[in-house]
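Here the structure comes first, spelled out in structure tokens, and everything after it is commentary.
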Amino acid sequence: MKLRCQLKGVKCPRYKHQGFFSPDNTTITRLLPDLKQCAGCIAFASPKCPEIRDDLQQIAAMVLIEKGPQFNPTHHSGANFGTFIRPRICGALMNAKRNELTQRNRELRSFNGAWDPSEDPDVEVKQDFGGLGKIPEPYTEFEEALVRNISFEDALPKLLKTLTPREREVFACLREDQRNCEIAEVLNLSKSRVSQLVTLVTQKLTGAAQRLGLAD
């Protein structure tokens, strides 16, 4: 799933924060609108489950409190707090919704006398979770893995050496969850050129990651 808000016409919240993260009441309260947006995003993504939004918001807050202090603002990767925390919150909320849907499906099938405990729960999740798990753009899956697993690892500088200066600019925009049209505006490029650069970035980083044993 692309780390992009599923609510039509809305962008992912930025989770703006400077310096080391301390989960005090003031900081959590300031980021509460972002937490609410992420919870609403997952709750209303197909299939819609608006009744679990409050539960998802609590999960998002717990992830922020538990994972936020792990952010290192002085890391050489230069990643900001939003880039660090968004995939962690998004992933936790998606898992929570999948688990909820799986449990509901089991209860329904059990009620109807059709549930077999030996069945693979992943099959149920794939069927019930609809479009939420779809990946709309070719670079998305690798970009998500890069943000989640490589952003704060020593391998990132080696990977970035494979890119030209312009490609590094595009990659920086991707990590900020900018769409191609937004990248085109920021870098003063045509949309077609941005599309080409995104493809090159993906191919080069994937190849470099495979050589380093970081990707299949």
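The values are calculated or read from the model by the stated rules, or taken from the named source; none is laboratory data. None of the values given here were measured: they were computed from a predicted structure. A quick note on method: Cβ atoms are made from the backbone with ideal geometry, for glycine too, and the neighbour counts reach across all protein chains shown.
Could you list, in sequence order, the residues of the stretch 199-216 that are of a type outside the set (D, E) and either part of a loop (DSSP other than H, G, I, E, B) or within 18 Å of K11 (Cβ to Cβ) (or both)?
Passing the criteria: L212, G213, L214, A215.
State the number of residues belonging to the stretch 83-102 that are within 13 Å of the chain's Cα centre (by Cα) and either of a type in the set (A, V, I, L, M, F, W, C) or modelled with pLDDT of 90 or more (or both).
Final tally of qualifying residues: 7.
What residue, of G19, G78, is at pLDDT below 90 and more than 16 Å from the chain's Cα centre (by Cα)?
G78
Check off (1) touching an Asp or Glu at 6+ places or on another chain (Cβ under 7 Å); (2) of a type in the set (A, V, I, L, M); (3) modelled with pLDDT of 90 or more for L3 and give me the number that stays unchecked.
Of the numbered conditions (1) touching an Asp or Glu at 6+ places or on another chain (Cβ under 7 Å); (2) of a type in the set (A, V, I, L, M); (3) modelled with pLDDT of 90 or more, the odd one out for L3 is (3).
Checking G68 against (1) within 30 Å of A155 (Cα to Cα); (2) under 13 Å from the mean Cα position of the chain (by Cα); (3) surrounded by 19 or more Cβ atoms within 10 Å (Cβ to Cβ); (4) touching a residue at least 40 places away in the same chain (Cβ under 8 Å), which single condition isn't satisfied?
(2)
Results for (1) at positive phi; (2) aromatic (F, W, Y); (3) in contact with a Leu (Cβ under 7 Å, 6 or more places away or on another chain), shown as yes or no for each residue.
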residue	(1), (2), (3)
N25	no, no, no
K36	no, no, no
C41	no, no, yes
P50	no, no, no
F71	no, yes, no
T74	no, no, no
G78	yes, no, no
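In the stretch 160-185, what count of residues is obtained for those that are under 20 Å from the mean Cα position of the chain (by Cα) and among the aliphatic types (A, V, I, L, M)?
Qualifying residue count, the stretch 160-185: 4.
I need the full set of residues from the stretch 24-52 which are assigned to a helix (DSSP H, G or I) and buried (at least 17 other Cβ atoms within 10 Å of the Cβ), in order please.
Hits for the stretch 24-52 are D34, L35, K36, Q37, C38, A39, G40, C41, I42, A43, I52.
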